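One structure is given here, and the rest of the page talks about it.
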Amino acid sequence: MKISPFLFLFFLSFISFSQNQTRTKYQISFENAKHHEAHIQIEFDQITDSIFELRMSRTSPGRYAIHEFAKNVYDVFAFNENGDTLKIVRPNPHQWNILNPSKKILVHYKLFADRADGTFSQINEGHAHLNIPATFMFAPKRMSEPLKVDIVPRVDLKWQIATQLKPIAENLFFAPNVQYFMDSPIELSNFTKRSFEIDSNGKDYTINFILHHNGTEIETDTYFEQVKKIVAQEMLVFGELPNFDFNEYYFLACYLPYVSGDGMEHRNSTILTDIESLSEGGMKNNIGTVAHEFFHSWNVERIRPRSLEPFDFTDANMSGELWFAEGFTTYYTNLILCRAGIITDKQYVEGLARTFNYVWNSPGTDFFNPIEMSYQASFVDAATFLDPTSRHNTFISYYSYGSVLGLALDLSLRETFKEKNLDGFMALTYQKYGKKEIPYTITDLEETLCEYTNEDFGKSFFKHFIYDSKMPDYKTLFRSVGVNLSQDNSEKIFLGADLEWKNGKLILSSYPVKNSPFYNAGLTNGDILISINRKDVFKDFFDKYQFKPQDKLNIVFKRYGVRKETEIITASDPSYTTKLSDSSNEKILKNRKDWLGAK
């Protein structure tokens, strides 16, 4: 289905009209990049208020926690159209009120930025990596108005500009409103660019891969071929590409020693950052983030929870749907790599064990179901705090939790309905909500699953695994695709906390897992082990003395300088392995091929 020519022309004419009607224009330059500093000017026209309010965001699209971006803003001045300095007052840490402005004002400020990832900004002589909420002030009363951005690159450093913002002149870009602007990261550097065309429903899209790294052209080409395979396989899940604005999508990748590892989705682009170069492990280790973030083009950018709309730049949005938006996307991450031939079936299946063990063996399901676990995002998604928490016993990442639920739903659909699978459910959800950009609720997801299968199946899945925290029968589900789920380390002991040899002492360096031997014995983080079964401990104590599960150990330890004594009974290592079986059953082998094979 092609976009209506009338609607497309209307959209273009609206943009053209808006470009001529903008009352806000930004300019950013980087004269002092060596000291991580940007100079930003904002021109506001047609002001009628006696107090003109400006803010820095406290959140960033794709993140779910608070980030105090105002901390890096300084040297703020405002001038009227005659060049006179205007008075500024600070009613709160995030806001600047300009008193008695003229019709047109000019605001100047400086920004310090030295962290490159999916949330923050970094400026140095290598690049200007800009996440918009971390960089630009905004006027709350002009959220729905169009704006222009004049970007002044460092020509002496051969900087180019890459962004999903619409170019309207050299180094000048347009955003239809502040929400769109905040969702449009910018990369300025001497980057390498690769592009390819792909047809979706008779419409040509350009996929641009922007790579800022210290590698070779051959490495870039090799990596880019993997990117192309990922795009093709993910499009086949949904049956089509999203309707990318201006028919373009941008991967903005920085693989450099001075960035922080991350990935962050946006409407028509994604940020990819990692310290590993392609030649030093990044060719293998970074590609999963590409698969994850591009899948978000559908699932979370278009198939979007109502709880994230509109995105709040003054406070955190709390969403109960992240087990689906992030978790199901995580399930597809390595599955897509397998379908694209980037990893083998064996690598994919054996890699499932890590996430499975984390979720299956966590006591967190005693406290929160997937919806409630999603609510915790505001406290864990790059959030910062000083005091310890009990998350080791109460929290399971909604990425991981949702991933194993996506796995269970996929295998359940394949086993129960033969011709149905998670691809079909995702495609239907996209057609109902994502393509039309209608925000969904959890009830909408449940009703869509019922529509895709039947009411009994859909309601049962949500009742047991979404509204409650029960675990599916993974052994049976794995068996249907020829995967063995087993515990192969039953002779290895499990104590329930990490131990660290430090300053000649063996110390518990983590809080014990609930109901583990250390937990049940009353030990906790920071306790110093002195002797076990009357033998003084040393660095490799547990390597020398090969204890077995169910052994009783007398432990003397010290806490806050006080000598104490307790007993523990060791347990078996609870971890599982996932391995491909050598099944010759044709049905099982076909199921596995349908699951893992290229589409």
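The values are calculated or read from the model by the stated rules, or taken from the named source; none is laboratory data. Quick caveat, the model's predicted, so the values are computed rather than measured. Cβ sites come from the backbone with ideal geometry, for glycine too, and all protein chains shown count toward neighbours.
Filtering Ser397, Ser378 for residues that are assigned by TED's automatic domain parsing to the domain that holds Gly327, out of contact with any strand residue (DSSP E or B) (no Cβ under 8 Å at 6 or more places or on another chain), among the small types (Gly, Ala, Ser) and more than 16 Å from Ser307 (Cβ to Cβ) leaves a single hit, Ser397. For the residues Phe224, Phe209, the requirement of being under 19 Å from Glu293 (Cα atoms), modelled with pLDDT of 95 or more, assigned to a strand (DSSP E or B) and of a type outside the set (A, V, I, L, M) singles out Phe209. Of the residues contained in segment 371-384, none is found to be more than 28 Å from Thr119 (Cα to Cα) and over 18 Å from the mean Cα position of the chain (by Cα).
Only residues that are exposed (fewer than 11 other Cβ atoms within 10 Å of the Cβ) and either within 36 Å of the chain's Cα centre (by Cα) or part of a strand (DSSP E or B) (or both) were counted across segment 76-110, and they come to 5. Restricting attention to segment 524-536 and to residues that are outside any strand (DSSP E or B) and touching a strand residue (DSSP E or B) at 6+ places or on another chain (Cβ under 6 Å), the residue that is surrounded by the most Cβ atoms within 10 Å (Cβ to Cβ) turns out to be Asp527. Of the candidates Leu236, Leu272, the single residue that is outside the structural domain of Asp114 (by TED's automatic domain parsing) and surrounded by fewer than 19 Cβ atoms within 10 Å (Cβ to Cβ) is Leu236. The sole residue among Leu278, Leu256 that is in contact (Cβ under 8 Å) with a residue 40 or more places away in the chain, aliphatic (A, V, I, L, M) and out of contact with any helix residue (DSSP H, G or I) (no Cβ under 6 Å at 6 or more places or on another chain) is Leu256.
Select from segment 111-157 the residues that are in a strand (DSSP E or B) and of a type in the set (D, E, K, R) and list them in ascending order. Matches in segment 111-157: Asp114, Lys148, Asp150.
Considering only residues in segment 312-358 that are closer than 21 Å to His392 by Cα and without any contact (Cβ under 8 Å) to a residue 60 or more places away in the chain, the one that is surrounded by the fewest Cβ atoms within 10 Å (Cβ to Cβ) turns out to be Arg354. Listed by first and then second residue, the pairs with beta-carbon distance under 8 Å, at least 6 apart or on different chains, first residue in segment 95-114 and more than 17 Å from Glu37 (Cα to Cα), second basic (Lys, Arg) and assigned to a strand (DSSP E or B), are Gln95/Arg55; Trp96/Arg55. Among the residues making up segment 582-599, those that are assigned to a loop (DSSP other than H, G, I, E, B) and modelled with pLDDT of 95 or more are Gly597, Ala598. If you check Lys558, Lys539, Lys579, Lys564 for being assigned to a loop (DSSP other than H, G, I, E, B) and either touching a Leu at 6+ places or on another chain (Cβ under 7 Å) or among the charged types (D, E, K, R) (or both), only one passes: Lys539. If you go through segment 339-364 and pick out every residue that is in a loop (DSSP other than H, G, I, E, B) and either within 18 Å of Lys579 (Cα to Cα) or in the same structural domain as Leu236 (by TED's automatic domain parsing) (or both), you end up with 2.
Report yes if Ile507 is among the aliphatic types (A, V, I, L, M), in a strand (DSSP E or B) and closer than 26 Å to Thr389 by Cα, otherwise no. The answer is yes for Ile507. Across segment 434-452, the qualifying residues are those that are touching a helix residue (DSSP H, G or I) at 6+ places or on another chain (Cβ under 6 Å) and polar (S, T, N, Q), and the one among them that is nearest to Glu309 (Cα to Cα) is Thr441.
Residues that are polar (S, T, N, Q) and in contact (Cβ under 8 Å) with a residue 24 or more places away in the chain: does segment 380-387 have at least one? No, segment 380-387 contains no residue that is polar (S, T, N, Q) and in contact (Cβ under 8 Å) with a residue 24 or more places away in the chain.
Determine whether segment 177-198 contains at least one residue that is within 30 Å of Met143 (Cα to Cα), of a type in the set (Ser, Thr, Tyr), touching a strand residue (DSSP E or B) at 6+ places or on another chain (Cβ under 8 Å) and surrounded by fewer than 18 Cβ atoms within 10 Å (Cβ to Cβ). Looking through segment 177-198, none of the residues is within 30 Å of Met143 (Cα to Cα), of a type in the set (Ser, Thr, Tyr), touching a strand residue (DSSP E or B) at 6+ places or on another chain (Cβ under 8 Å) and surrounded by fewer than 18 Cβ atoms within 10 Å (Cβ to Cβ).
Determine whether Ser60 is at pLDDT 95 or above, within 30 Å of Glu240 (Cβ to Cβ) and surrounded by 14 or more Cβ atoms within 10 Å (Cβ to Cβ). So Ser60 fits the description; yes. Taking helices (runs of 4 or more DSSP H) that do not extend beyond segment 407-474, which have at least 3 residues that are more than 26 Å from Ser486 (Cα to Cα) and among the hydrophobic types (A, V, I, L, M, F, W, C)? The helices (runs of 4 or more DSSP H) meeting that bar are 422-429, 442-452. Which of the residues spanning segment 445-473 are within 26 Å of the chain's Cα centre (by Cα) and surrounded by fewer than 17 Cβ atoms within 10 Å (Cβ to Cβ)? Result: Tyr467, Asp468, Lys470, Met471.
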